[in-house]
1. Could you go through region 318-334 in sequence order and give the Karplus-derived ³J(HN,Hα) for each residue, using 6.51 cos²θ - 1.76 cosθ + 1.60 with θ = phi - 60°, rounded to whole Hz, and x for Gly and Pro?
2. Check which residues have an amide H placed less than 5 Å from V471's amide H, if you skip close sequence neighbours.
3. Which ³J(HN,Hα) values in Hz, rounded to whole numbers, follow from the phi angles of region 1176-1190 under the Karplus curve 6.51 cos²θ - 1.76 cosθ + 1.60, where θ = phi - 60° and Gly and Pro get x?
4. What accessible area, in Å² to the nearest ten, does a 1.4 Å probe give for R1052?
5. Of K1122/K1169; K1162/K1339; K724/K758; K1405/K1447, which pairs sit farther than 21 Å apart, going by alpha carbon to alpha carbon?
6. Under 17 Å from a point 7 Å along the Cα-to-Cβ line of K568: which residues of region 460-497 have their amide N that close?
7. Below 17 Å, Cα to Cα, which lysines can K1107 reach? Residues fewer than 8 away in the same chain don't count.
8. As a test question: what accessible area, to the nearest 10 Å², does H371 have when a 1.4 Å probe is rolled over all protein chains in place?
Amino acid sequence: GSRQGSQLPAPLPTAVWNFPRTKEHHLPLQIGEMVHILQASEGKGDPWVCRGQGWGAPPSAPCGLPAVLGQSRAPCASPRLEENVVPSDMPMVQEITTTLREWATIWKQLYVVKRMMQELMEQRSQLLSGTLPKDQLLRLRKEVTGKMDYGNKILTLDLVVRDEDENILDPDRTSVISLFQAHRRAAQTLSQRIQEETVRLLAPGHGTHGAASPSHNLYLCVRNFVCHIGEEAQLFMALYDPGDENYVIRWASTGVPQDIELLNNLKVVFTDLGSTDLKRERLFLVCQIIRVGRMDLRDSHSRKLSTGLRRPFGISVMDITDITKGTCDSDEDKQHFIPVHLCQGTRGARTKGFSPERGFPRVAADGDFLHNMIRKAVEGKDINHKGQGLWVSLKVLWGDLSQVKKDHPHLVDRSTAVARKLGYPEVIMPGDVRNDIYLTLVQGEFDKGSKKTQKNVEVTVCVCDEAGNVVQNVIHAGAGDSPSSHYRSVVYYQQRHQRWMETLKIAVPIEDVHRTHLRFTFRHRSSSDSKDRSERIFSMAFVRLMRPDGTTLRDGEHDLVLYKGDSKKLEDASAYLSLPSERNLPESKLLSGSSFRVSGATAALAVSSRDSFQISTLVCSTKLTQNVNLLGLLKWRSKPSLLCGNLQKLMNVDGGEVIKFLQDTLDALFSIMMEHSDTDVYDTLVFDALVFIVRLVADRKFQHFNTVLEAYIRQHFSATLAYKKLLSVLTQYVEQAGRGEPCESLPRTFKALEYIFKFIVRSPAPVPQSHYVACMATILSQMDKDHYSTYIQAFSSRPELMDFLMETFILFKDLIGKTVYPGDWVVMNMVQNREFLRAINHFATTLTEMFLSNSDFELQLWNNYFHLAVAFLTQDSLQLENFSPAKRNSILAKYGDMRATIGASIRDMWYSLGQRKIEFIPGMVGPILEMTLVPELELRKSTIPIFFDMMLCEHRLTGSFSRFEDEILRRLDSEVEGGRGDEQYMQLFKSILLSCCQSHPELAKPGEDFVRLVSELLERLLDYRAVMNDENKTYSMSCTVNLLNFYKEIDRQAMYIRYLYKLKDLHISYENYTEGAYTLLLHARLLTVAPVPGPHGLHLHTQRQLKEALYNQIIEYFDQGKMWEEAIHICKELAEQYESHVFDYEMLSDILGGMGGLQEAKFYEKILKVLRPSPDYFAVGYYGQGFPTFLRNKIFIYRGKEYERREDFEMQLLSPFPNAEKLKSTSPPGQDITDSPGQYIQCFTVQPAEEAKVRLKGRSIPEQITNFYKANHVQRFSYSRPFKRGPSDPDNEFANMWIERTTFRTAYPLPGILRWFVVTSTDTIIISPLENAIETMMKTNEKIMSEINRHQNDPSLPINPLSMLLNGIVDPAVMGGFTNYEKAFFQELYMQEHPEDAGKIEKLKDLIAWQIPLLAEGIRIHGQKVTEDLRPFHERMEQCFEQLRAKVEAQYGVREMVSATTLGTGRQGWAVPWTSQQGAAAAPSDAPAAPWHSPAPPSPAAPHLSQSPHSTEPPPTPKPARRPSESAEHRSDRRESRASAIFGSRRQDARQSVSELPEPKVMLSTALEPP
């Protein structure tokens, strides 16, 4: 059986993994969804469940797993509404769930969030388990809240404020000021963490695996060390030669680490490797192997030997260049073998006694110093290592050490040693305090003295205080080794010249450095234990760590003085500290054997002149400097009298030294400034010092330190009043330069201005303003209705009360506009809004009670109230629709929708105004519009009726509502473009206002017109906004034209011009210069040039200047668009205007001599000489309901760009509509397509189909001129689709080749203000095969004639195109046209079946006959230009032509051509002897055939060519014809062509080049400047 669910709190399972629906009855679940179990039944059946609202989960979350449900408890009274289910989980579990839901939709922005989400899910499970001890639970809670708060911050979500137990603060139970303090603390904590992450991420090169990063690390893991030593060993591993600290491994004689816990855990990270280190040509990992035991491994154990001697054994060297440069794999699991190079003995006779069977390697190492061996090994000679060596793993890790620990916790943990660089990293971050002194024992030379052989010298190093006491545990042999109090060097056997090159680190506390020194003692070590015990110190050297001037020991080599004497005195600090430590004294004071008497000493110390000892030191300290001038600044308080000098000397300090102490130096400078706030003595010096430091950081050498300076400003800079002094000095410099006085500091300051301003901006404390506002909100929160009433009544007079309210309204509005608190302080913002809302409503009551009656009415006070209330309603923090569902629900539950409350108050206050409403029209139209556009349905319904009230109010007083209409149209434009308004608003506006108007008959008609007007505008504005940010601006241009046409129709010229310039800017950005020119021309049409007497003279003068400037710009754009004919036209119009209307001959001479003269001539030249390809035109249809209204089911003709392929055009066309389907057919689609919800695009090429210009007919005109008119000023375009009809003839395709020709007419000619226009009408005709043949023959003849004219006018043209054209017609192997036409149309059967085609057949025969003289002239020209190698080809063509001519002339008669000379140019050409209009074929007529049959009669301009049909003689050269006299009508036409089609009353030019554009409705007289 089944069991009904209990009404008691029941488990509320939550999905913790995604569960996809794989079967029919499965319920798909996503992470975080809660499942409300309504009924459960036993057995295997699924329970009936209903699911809460889902939320997106990361696609990488594990799928395909069962939906594991985490149990939580909640009442199930209303299981279908998630918000009614209140789980009883601990609040933190609820918060994690909510946080995960909110992050899920945006986690992809940052990978780190994905990682944190996975961690939070695991930690949520831990919290739910209830098994954690209290201390772990508290630690986990802290970690979880830190993670959520950090994630919210980087995802720009809201700041969560908590108490000390990590619980979210309840604003209703917390005072406003406490809430504010909690916000500030939380923000500071987060800022610090964000800054740490930012500094890490912004460090140059972070995240890029390459040498650009300033911080690199090499991870080393020693897997094993195999070597037959037989004694303890010390392995010193380091990088050669960036100079990192050694990594020390102490190896037991048993073949394992001495510290057995380090077995399989020998790890080190070599840090601080800079880009210069990785750029080295070669980089090596070096291991020095030192055995610890007896002097010689071959010494027998028969006598007691000295032990504990550090003796050289060998080295291992590996070239790691490929690993550090990334050219080979860097894998922590891959093992590399490094063989051991054994030291070679040179001890002569003792070597001979060596026997291999004793098991000891042949190692004496007396002649090979380890350092020399390294240098030899680097040369890379193979050795016989016999399997002895180290096995290591290596991996390059990027970023600083803290990042490495986070990114690679399995590699770098607490047990991993860290070997720092011997020196500073490339970037020293603030807070990176370091105080290391590196000492290298370089070399020494020791006389054997009384001994027979050279000494076996051992150097012992210790750190002593002023009393000579050894400072304990401050010497580090290397990373991974415990600190010690003494360090003993390697002992080399019987060498006079010793070279150790052993480096160790001295780590003395900063406060003790000034009183400590290094002491070096020297002993001879014997192989015999008894002799060794008797050896005493034979020499001593020392050096102080700090110099007398307070600076640290200089970096570099130091040649120390060796002292000899009594061994006890050599270790007595009082005996030697007053003596010189280095050999830098005059020679007279360091004579051989000289002694220094020490006060109070009983014996003397002598200089050991025969011995020498050198060390090298390197100070790596961020607190101790080696520069006296810098030290003087850092310690300025000790000697304030020297402060001025020290500030000036800072400029002379080496940049590298200043950079090392950047934070301390900046701290010192700002401390000086702040501690002398009452004087300006040091201000200029400190300012100049800051400029010096900033410019230093800007230097290429120190560019990595930009990050450090940024981090200092954000994290460590705390001089809150520094801005006053910085601004003062900056102002002083600027004023000094302004007075013309020399100011050398100003140019330097400008280079550092960015950071100077960052210091200025950062220094004022950000707390006070927000603190004061929080205090004010606290006070408001304590006030109830009685408090407000009492406070209002406390004012003694109305003016005082009015001033208070006025100032309060202004203050509130200012605070709302400024958003005092950061945007993520959502709780603080909402609490403040709640208190402000209460206050505003209380003050609104005061307004209606005390400032509404006629005598007491205060317009400005009411106006301020309305503006404040609207500003409050429209502020960003209240726009709930912009928030996530979780945040929106949280705000609604806690505070409600305050917009509805204040909106109702605004509405009630408006209606209470009564007759005073007219005083707020049109002033309040904009604010009320802004309020109604807020996307909240109920708010819109309650406030839109205010508009009708405004209309009614104005109409009753003035008889219209024009002021209201003008204002709402103007404001709608800017508001909708700014992102407000939608389709819902348009419908609500329409329905509410129409309903209101119908209840008032006097407003029914004007109201209906107004609503229609606003609806049309909104529709266009919404279309425009939808596409204005598209990458493809094609549709933005269309919508812009729709808007400017709308504004032109309703006579809003200012808006019309605003969109004209938007359109122009769009065109120019896409290099649509022609369209940009036409667009500007529309503005120019609104301006006048003619002078008008009266007060408007100056105004019209401004219009004339503007118009002239526009025309000059238009000419330039036409030139760039290769529309030189249009540019010439504008030039002529300007000249005509100044000549005939303005009578400004001075301006006319400028124009004719400048722009209109030389430039006009250049345009004519360009027309003839510059290549100008004709553009292609494309028809594009947008079908389907998925397109916006301005495209839906419409066809457009597009003008392509030069050389634009249709494929490229289509790709660009489809880019805004990725889901659109391209139609393959060119036929109009059916209703199933046009009515479908999808998107279908049809695109095909069309041809211009305009009538030929009358003045171009029958004349020989260069094709450069005629081609322009064929492809421009075109409004009709055709598309021809061939199809077959009737029986098919495989031998003659012409017989049944019909043509369906569709002609499209556009709204305006192209080109125009757009590169495309909508098709307004289409016309389709069917062309028969015969008519098609006539068209084809006409085009062929025209092409032959065009080629002839081209070659006659330009003999330099290549002959190839002419050759191919002629040969294709006359060669029987190619030619077939004549024959096919004869077979198809000239047969007796066809004539009997189609007697109506007799005239057309004659036309076709006539065209065939006319082709012969054209071919003859072409072949004649070809014969003149043909080269010798092509002469056989030409002769073959002549033979074919003679056969063809004989046939055609016999069948169709003889035609003779007329040669025409182009008037006034001397250019020869052939006149067209037939009617070459497309209409002849498209609309055939029965007109007389005379023009087709009869040769043109001879005329003076066209001499008759009377050659015999079979003659091959060239025709006589025609003489230039006399130019006929110009008739009055022609002169009038020429004048009219120069007259303006734009300027005034003269009739339009017949060409109508630019006058085809849409005219504005009215010509206004106001001067209009371009926006």
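The values are calculated or read from the model by the stated rules, or taken from the named source; none is laboratory data. Everything quoted here is computed from the prediction, not taken from an experiment. No Cβ is skipped: glycine too gets one built from the backbone with ideal geometry, and neighbour counts run over all protein chains shown. Note: areas computed on protein heavy atoms with side chains; ligands, DNA, RNA excluded. Shrake-Rupley method; radii C 1.70, N 1.55, O 1.52, S 1.80 Å.
1. Calculated HN-Hα couplings, in order: 9, 7, 10, 4, 5, 5, 6, 8, x, 7, 9, 4, 10, 10, 5, 8, 7 Hz.
2. The list, which skips near neighbours in sequence, is V463, C464, D465.
3. 8, 10, 10, 8, 10, x, 10, 10, x, 6, x, 8, x, 4, 6
4. It works out to around 50 Å².
5. Working: K1122/K1169 12 Å; K1162/K1339 32 Å; K724/K758 13 Å; K1405/K1447 13 Å.
Cα-Cα > 21 Å for K1162/K1339; rest within.
6. Flagged as within label range: 468-469.
7. K1064, K1132
8. H371 exposes around 40 Å² with every protein chain in place.
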